[in-house]
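A.B. asks: Mind having a look at this structure? Questions to follow.
The values are calculated or read from the model by the stated rules, or taken from the named source; none is laboratory data. Everything numeric in this text was worked out from a predicted model, so none of it was measured. Neighbour counts run over all protein chains shown; Cβ positions are idealised from the backbone, glycine included.
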Amino acid sequence: MNKAQLTEEIQQLLGGDTSRRAAGEALDAVLRAITQGVRKHERVMIVGFGTFKLAHRKERMGRNPKKPEIAVKIPASSTMRFTAAEMLKKTL
């Protein structure tokens, strides 16, 4: 499902009087709020759905499996992690 399809689904779930634009703006607002929370190093918990959080990867050495003698330094980085809630896991 892409963003346009998700917007359509939100529009249908909210009812017939909700415009596609309003559904898109609602989706954008939720995504912005999640992004801002994670950017501030906060956990964003949506009860029944899951938790978004910032994770840090340490600097490490990587190797090409075809040429294991060549090591490459992989710099430290940050990424976002999502952990599904038990309720969501049970529905899948």
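A.B. asks: Which residues, taken from the range 36-55, are in a loop (DSSP other than H, G, I, E, B), hydrophobic (A, V, I, L, M, F, W, C) and either in contact with a helix residue (DSSP H, G or I) (Cβ under 6 Å, 6 or more places away or on another chain) or surrounded by 12 or more Cβ atoms within 10 Å (Cβ to Cβ) (or both)?
C.D. replies: In the first step, residues of the range 36-55 are kept if they are in a loop (DSSP other than H, G, I, E, B); the result is 40-43, 47-49.
From what is left, the residues that are hydrophobic (A, V, I, L, M, F, W, C) are 47, 49.
Passing the criteria: only 49.
A.B. asks: Here is a further query. Tell me, please, whether a residue that is within 29 Å of residue 74 (Cα to Cα), of a type in the set (Ser, Thr, Tyr), outside the structural domain of residue 88 (by TED's automatic domain parsing) and part of a helix (DSSP H, G or I) can be found in the range 26-35.
C.D. replies: Of all residues in the range 26-35, those within 29 Å of residue 74 (Cα to Cα) come to 34-35.
Keeping just the survivors that are of a type in the set (Ser, Thr, Tyr) gives 35.
Cutting the leftovers down to outside the structural domain of residue 88 (by TED's automatic domain parsing) gives us 35.
Among the residues that remain, those that are also part of a helix (DSSP H, G or I) are: 35.
There is at least one residue in the range 26-35 that is within 29 Å of residue 74 (Cα to Cα), of a type in the set (Ser, Thr, Tyr), outside the structural domain of residue 88 (by TED's automatic domain parsing) and part of a helix (DSSP H, G or I).
A.B. asks: Among the residues in the range 56-63, are any in contact with a Ser or Thr (Cβ under 8 Å, 6 or more places away or on another chain), exposed (fewer than 11 other Cβ atoms within 10 Å of the Cβ) and either in a strand (DSSP E or B) or of a type in the set (Ser, Thr, Tyr) (or both)?
C.D. replies: Applying the first criterion (in contact with a Ser or Thr (Cβ under 8 Å, 6 or more places away or on another chain)) to the range 56-63 yields 56-57.
Filter once more, keeping what is exposed (fewer than 11 other Cβ atoms within 10 Å of the Cβ): 56.
Those left that are additionally either in a strand (DSSP E or B) or of a type in the set (Ser, Thr, Tyr) (or both): 56.
Scanning the range 56-63, I find at least one residue that is in contact with a Ser or Thr (Cβ under 8 Å, 6 or more places away or on another chain), exposed (fewer than 11 other Cβ atoms within 10 Å of the Cβ) and either in a strand (DSSP E or B) or of a type in the set (Ser, Thr, Tyr) (or both), so the answer is yes.
A.B. asks: For the range 42-70, which positions are basic (Lys, Arg), over 11 Å from residue 80 (Cα atoms) and touching a residue at least 24 places away in the same chain (Cβ under 8 Å)?
C.D. replies: From the range 42-70, those basic (Lys, Arg) are 43, 53, 57-58, 60, 63, 66-67; that's our starting set.
Right, trim to over 11 Å from residue 80 (Cα atoms) and you get 58, 60, 63, 66-67.
Correct list: empty.
A.B. asks: Moving on to the next point. Restricting attention to the range 67-86, and to residues there that are of a type in the set (S, T, N, Q) and surrounded by 11 or more Cβ atoms within 10 Å (Cβ to Cβ), which single residue is farthest from residue 35 (Cα to Cα)? Reasoning before the result, please.
C.D. replies: Filtering the range 67-86 for residues of a type in the set (S, T, N, Q) gives 77-79, 83.
Next, only the ones that are surrounded by 11 or more Cβ atoms within 10 Å (Cβ to Cβ) stay: 78, 83.
Values: 78: 13, 83: 15 Å.
Ranking the qualifying residues of the range 67-86, first place goes to 83.
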